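Please see the structure below; I have some questions.
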Amino acid sequence: MKTFKIGGIHPDAAKLTAAQPIHIIDDPDVLTLMLGQSIGKPAKAVVKAGDIVAQGQLIAEADGVMSANVHAPRAGKVSKLAKVRNPQGYWSDAIIIDVDHTADPVEYVPMDAAEVEALDSGAIIDAIRRAGIVGMGGAAFPTAVKLTPPQGMVPDVLIINGAECEPYLTCDDRLMREEPDGIVRGAHLLMRAIGVSRCMIGIEHNKPEAISVMSQAAQAFEGIEVVTLKTKYPQGGEKQLITALTGREVPSGQLPVSVGAIVDNVATAFAVYEAVYLRKPLIERVLTVTGPDLDHPGNFRAPIGTALSHLINLAGGCPESAELKVVAGGPMMGRAVKDTDSPSVKATSGLLVLDGKAIERPAEQNCIRCGRCLNACPMGLEPYLFIAQARRQMWPEMKQNFVMDCIECGSCSWSCPAHKPLLDFIKLGKLEIRKRKL
């Protein structure tokens, strides 16, 4: 089995929902579509209050290259354009749709295979751009932009990320087990879009069913290989995955394409399949709603814009007496949810509900110079040094010590016996460096 060379940890996988098939939820009454669905500029609304919209209709247009189109996940009426809180509590512009439950669902008829094969690279990338596809592993980088690398950088391998190393999350695992053909077809379209003849799909070895069905599906296309990865966190980190599968190291400050690799998530590949074969924009996704205190944790296919509270209720709801915390994503790299009435977005891979008292951070103690944070860091950095420098506001020194290379995986904080908030101070340092344009 392959893996990356430096660092890594082994947190409890806690895959409570691995055996739960994807459940297609009933449409909620209201959908709230954030205009900022990607890294970059928010889209511009092209509808107004009172407009009747069809399922899949463009409702907000990408504002420049680093932006993404937004479509109506379901038919309905635009009730208003308003500022709403995103899951982290910040106010953002959104389009709110009252869903029309009487409307007939759209049936997406697959394109003829010959028609798909006739598409050139530009046509595939244009379909991806029009569909509003972004990275669905959490980064939300516009996929069409990733497929058009800077001049002089030529990829020679496509990597599809099926590692899903984040504890608790199982949406990618279930998608691979239930939609392997669609993922592989999407991967082949991505290969054609960037002009490569080789694709490697990396899956951790704790997902044997996914490895089996994906390997079978991959036989339909030449050049696609499923590779078993060692179960180790953060195996799904972009740079760690490239190293594990190709042996190449992405230089400091460089993009994966600088070493000839383009990396996309399995959910992104499936969205590409739907966009091209079915002409279906990115209007829904599979996500995991889980946690030890939920009665019915599961994997749900839900329209983009569904209220997080609605999804949590589908999984059994939060006991009223419990002091629970909700995290968007997993426990290692996820972000605390400030408002559960906020909507899901294209990058929402899961919701984790945990007992607030059980996850309280222990009191910080003195560093004992044990070196565990160094051994855990998959980037070979010195987290203990960064926290000391951040507390002294030594921002230039932090940059000189390559803090900007940190992938914010949280391995250092997880491994620290002194309970130092290492990642918190690393994030602060990176924020200050960007703010000061150092």
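Across the range 2-44, what is the total count of residues that are part of a loop (DSSP other than H, G, I, E, B) and on the phi < 0 side of the Ramachandran plot?
The qualifying residues number 28.
Is it the case, given these coordinates, that residue 379 is modelled with pLDDT of 95 or more, touching a Pro at 6+ places or on another chain (Cβ under 8 Å), in a loop (DSSP other than H, G, I, E, B) and closer than 24 Å to residue 10 by Cβ?
Considered against the rule, which asks whether it is modelled with pLDDT of 95 or more, touching a Pro at 6+ places or on another chain (Cβ under 8 Å), in a loop (DSSP other than H, G, I, E, B) and closer than 24 Å to residue 10 by Cβ, residue 379 comes out as no.
Further, regarding this structure: Looking at 212, 252, 197 in this structure, which one is of a type in the set (Ser, Thr, Tyr), surrounded by fewer than 24 Cβ atoms within 10 Å (Cβ to Cβ) and part of a helix (DSSP H, G or I)?
212
If residue 410 satisfies every condition in (1) within 27 Å of residue 4 (Cβ to Cβ); (2) surrounded by 14 or more Cβ atoms within 10 Å (Cβ to Cβ); (3) more than 22 Å from the chain's Cα centre (by Cα) but one, which is the exception?
(3)
Now, a different point. Regarding residue 303, is this residue surrounded by 24 or more Cβ atoms within 10 Å (Cβ to Cβ) and either polar (S, T, N, Q) or modelled with pLDDT of 95 or more (or both)?
no
Write out, first by first residue and then by second, each pair whose Cβ atoms fall under 8 Å of each other, whose residues are 6+ apart or on separate chains, and whose first residue, in the range 380-407, is basic (Lys, Arg) while the second is in a loop (DSSP other than H, G, I, E, B).
Filtered contacts from the range 380-407: 399/438.
Another question, if that's okay. Here are some conditions: (1) at pLDDT 95 or above; (2) over 19 Å from the mean Cα position of the chain (by Cα); (3) assigned to a loop (DSSP other than H, G, I, E, B); (4) farther than 30 Å from residue 58 by Cα. Residue 236 meets all but one. Which one does it not meet?
Result: residue 236 passes all but (2).
Failed condition for residue 265, given (1) over 27 Å from residue 124 (Cα atoms); (2) touching a Gly at 6+ places or on another chain (Cβ under 9 Å), with all others met?
(1)
Would you confirm whether any residue within the range 100-116 is under 21 Å from residue 309 (Cα atoms) and among the acidic types (Asp, Glu)?
Yes, there is a match, as at least one residue in the range 100-116 is under 21 Å from residue 309 (Cα atoms) and among the acidic types (Asp, Glu).
Is one or more of the residues making up the range 80-93 in a strand (DSSP E or B) and of a type in the set (Gly, Ala, Ser)?
Checked against the condition, which is being in a strand (DSSP E or B) and of a type in the set (Gly, Ala, Ser), the range 80-93 yields at least one hit.
The values are calculated or read from the model by the stated rules, or taken from the named source; none is laboratory data. Computed from a predicted model, the values in this text were never measured in an experiment. Positions of Cβ are backbone-derived with ideal geometry, glycine not excepted, and every protein chain shown enters the neighbour counts.
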